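Any read-out appearing in this document is the output of simple, stated calculations on the displayed coordinates, not a laboratory observation. Nothing here was measured: the structure is a model prediction, and the numbers come from that model. Cβ: placed from backbone, ideal geometry, glycine included. Neighbour counts: every protein chain shown.
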Amino acid sequence: MPATTPKSAFWTGFRDGLPFLLVLLPFGILFGVTATEAGLNVLETMMFTIVVIAGASQFTALQLMTDNTPTLIVLATALAVNLRMAMYSASLTPALGGATVWQRGFIAYFLVDATYACAVTRFEAEPDWALPQRTAYFFGTVLAVCPAWYLLTLAGALIGSAIPGWLALDFAVPICFLAMIGPMLRTLAHLAAALTSVTLALVLAFIPYSMGLLIAAVVAMMVGAYVETRTAS
Amino acid sequence: MIDKTTIWTVIALLGIGTFLIRFSFLGLIGGRPMPAWVLRHLRYAAVAVLPGLVAPLVLWPAATGGDFDPPRLAAAVATVAVGLWHRNVLAGMIAGLVVLYVGLGLTAWL
């Protein structure tokens, strides 16, 4: 069997990333449209997507800004959505931690749900790969999904308000979130965290500046961790 | 209308913060293991925020002025149920949109 070259690992990564475009397609367009509807111009929308490059937190921040939430709480809540990426970072460190600091910088910037999911699965299946193959593979998945994310956002921002009202686009964002949540509920602990989050967010909705959501999130995280320790033993 | 200063502040700080989260272990902490209790909490971060964010949007939709809306609730239930069942984001999304449009169509027609 011929050894995998970095070049072929790169294209394996590219192919592995392609199926994720199906999910990114509605998400990217929708972010562009929603941002434009919230009053952002094309430049602001694109900077948002390029600088942050994390769909769920972009939607979260946008929703909270539309509700006139104070900036500090917008940031805290949106960053909480992205905390899972610290886990991704930790999980890829054994495989990619040996790369140069510049490469690790770019890997970190492009560490999104899709590229992480590809990398963690493939690195486990190919334990013989050395650092050059692994790095090349990761950037292959990046090429498949990340430019598309920018372009889809741009398409959405340009279509913007041309979308007719009967399409009830207001509800497309909740549907996107809910569609992400379903597959996340893998264990009893995840389910407990989600139910706590919903219940407390509704009960605490009277607290101003969306602070109820932040409280709900912190408690829900603790409930998830607690249920995990109880169910694991 | 969102204030321009707010938008740019959020873009810059959310961008920096998100990058630091992603760079944390890869770039700074390296191979040192993270305490188990931290990992255990991080695992539930997304599932602790997103359901709470979306729940009020489902029960009190802005499009109806905050009034409870059966088609939107039905669409939400369908999305989660199909996503949970098929473990597939796209399947959930499609199911939700189908139920939403059928529901809205029926409501308009009745």
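Ranking A:Glu124, A:Glu44 by Cβ neighbours within 10 Å, fewest first, what do you get? Numbers along the way, then the final one.
On the way: A:Glu124 9, A:Glu44 19.
Ordered from fewest to most neighbouring Cβ atoms within 10 Å, A:Glu124, A:Glu44 come out as A:Glu124, A:Glu44.
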When the chain is fully extended, how far beyond the present Cα-Cα distance does A:Leu18 get from A:Tyr150, taking 0.36 nm per residue of separation?
46.0 nm
So how do A:Cys176, A:Cys146 line up by other beta-carbon neighbours within 10 Å, fewest first?
A:Cys146, A:Cys176
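Work out, step by step, the length gained on full extension between A:Arg186 and A:Arg230: first 0.36 nm times the residue separation, then minus their alpha carbon distance; give nm to one decimal. Let's see the in-between values first.
Numbers: separation 44, 0.36 × 44 = 15.84 nm, distance 1.59 nm.
Once the chain is fully extended between A:Arg186 and A:Arg230, it gains 14.3 nm.
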State the extension gain, in nm to one decimal, for the chain segment bounded by B:Leu20 and B:Val38, taking 0.36 nm per residue of separation less the distance between their alpha-carbons.
4.8 nm
As computed over the protein assembly as shown, the Cα convex hull volume per residue (Å³)
142 Å³
Can you give the helix-only mean residue ellipticity at 222 nm for chain A, where every DSSP H stretch with n ≥ 4 adds -39500 (n - 2.57) and the sum goes over all residues, rounded to the nearest 500 deg cm²/dmol?
-25000 deg cm²/dmol
PRE zone check, label point 7 Å out along Cα-to-Cβ of A:Val120, amide N under 18 Å, scope segment A:51-67, hits A:54-57
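Count, for each residue of B:91-100, the Cβ atoms from other chains sitting within 10 Å of its Cβ, then give me the mean as a whole number.
5
Per residue of A:219-225, what is the mean number of Cβ atoms on other protein chains within 10 angstrom of that residue's Cβ?
Numbers: counts 2, 7, 10, 4, 2, 8, 10.
So the per-residue partner count for this stretch is 6.
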Dipole magnitude of segment A:1-154 about its Cα centre, charges +1 at Lys/Arg Cβ and -1 at Asp/Glu Cβ only, in debye to the nearest 20?
340 debye
